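The structure appears right after this line, and notes come after that.
Nothing in this text is a laboratory measurement; each read-out follows from the coordinates by a stated rule. Just so it is clear, the structure is predicted and the values come from calculations on it, not from any experiment. Neighbour counts are summed over all protein chains in view; Cβ atoms, including those assigned to glycine, are modelled from backbone coordinates with ideal geometry.
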Ligand SMILES: Nc1ncnc2c1ncn2[C@@H]1O[C@H](COP(=O)(O)OP(=O)(O)OP(=O)(O)O)[C@@H](O)[C@H]1O
Ligand SMILES: [Mg+2]
């Protein structure tokens, strides 16, 4: 399936960019005239994926995070969040609820939240190379959609 | 202020506001923790009406307050949870641990 629209942003792994990434994804999704609940689901999943890059991928340095947004004919949205950080040794284990390698400020629920808010969550990672998280969500068809 | 506290006599009410994400959570967690240490509440009510966004970072804030008040023998109630935050808390199963009113 070929995308009918695509956009990409790239930013430094500063926590101030968490809000930027959420808003950018919500703005891109706006052309589908999503419901408020759909917009919030997208923002929440993006926040989890991007925060993971900022917190885990680059624990002691600033690195680059990229987010690619794609829209498909069947009204589905694909969001790919990519980093070139430390990577994940065991992806299955990382996706378990409450599994965390982080501090007391982390609860190990990020992947669980992404999974419950999106239709599909794909994780590809290579230790020492980086991680790509792909989120997919089909949106309801509404009259106001621009595409 | 992301945390505004009122009350006394060991009944504390804390109103959180703004975006409770990783960027904002540390300041909120520290301020809340400081207030709990100061007031030693028997009852803590967290009012989330002013929260415009919450993700898993907010879960850690709530769980920390829950434990801290629990250690004092007190109880925590969370009120006025906006829809987006409620969905996050439900997805994480936090509603089975913490009392929502
Ligand atoms: N981009 C990433 N780079 C490296 N490790 C990652 C990345 N994303 C996730 N991880 C690993 O997967 C674990 C689980 O991630 P998840 O988002 O579910 O929980 P968390 O980030 O630890 O806590 P929370 O999201 O609740 O704050 C992390 O603790 C970390 O070890
Ligand atoms: Mg996370």
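Assorted remarks:
- Scanning region A:49-67 for residues that are surrounded by 18 or more Cβ atoms within 10 Å (Cβ to Cβ), touching a strand residue (DSSP E or B) at 6+ places or on another chain (Cβ under 8 Å) and not in a loop (DSSP other than H, G, I, E, B) yields A:49, A:50, A:52, A:53, A:54, A:57, A:65, A:67.
- Taken as a whole, the structure leaves residue A:123 outside the set of residues that are outside any loop (DSSP other than H, G, I, E, B), within 14 Å of another protein chain (Cβ to nearest Cβ), in contact with a strand residue (DSSP E or B) (Cβ under 9 Å, 6 or more places away or on another chain) and within 14 Å of ligand 2 (Cβ to nearest atom).
- Under the condition of being buried (at least 19 other Cβ atoms within 10 Å of the Cβ) and within 11 Å of another protein chain (Cβ to nearest Cβ), the residues counted in region A:22-41 number 4.
- Residue ID - nearest to ligand 2 (Cβ to nearest atom), chosen from residues in region A:106-120 that are closer than 19 Å to residue B:56 by Cβ and in contact (Cβ under 8 Å) with a residue 24 or more places away in the chain: A:110
- Sole exception among (1) over 12 Å from residue A:137 (Cα atoms); (2) in contact (Cβ under 8 Å) with a residue 12 or more places away in the chain; (3) over 14 Å from the mean Cα position of the chain (by Cα) for residue A:68, by number: (3)
- Matching residues, region B:58-81, being more than 15 Å from residue B:21 (Cα to Cα), touching a strand residue (DSSP E or B) at 6+ places or on another chain (Cβ under 8 Å) and within 12 Å of chain A (Cβ to nearest Cβ): B:66
- Looking across region A:71-115, just one residue is over 13 Å from the mean Cα position of the chain (by Cα), outside any loop (DSSP other than H, G, I, E, B) and either near ligand 1 (Cβ under 6 Å from one of its atoms) or within 22 Å of residue B:29 (Cα to Cα) (or both), and that is A:94.
- All conditions in (1) in contact with a strand residue (DSSP E or B) (Cβ under 7 Å, 6 or more places away or on another chain); (2) within 15 Å of ligand 2 (Cβ to nearest atom); (3) facing chain B (nearest Cβ under 10 Å) hold for residue A:19, with the sole exception of (2).
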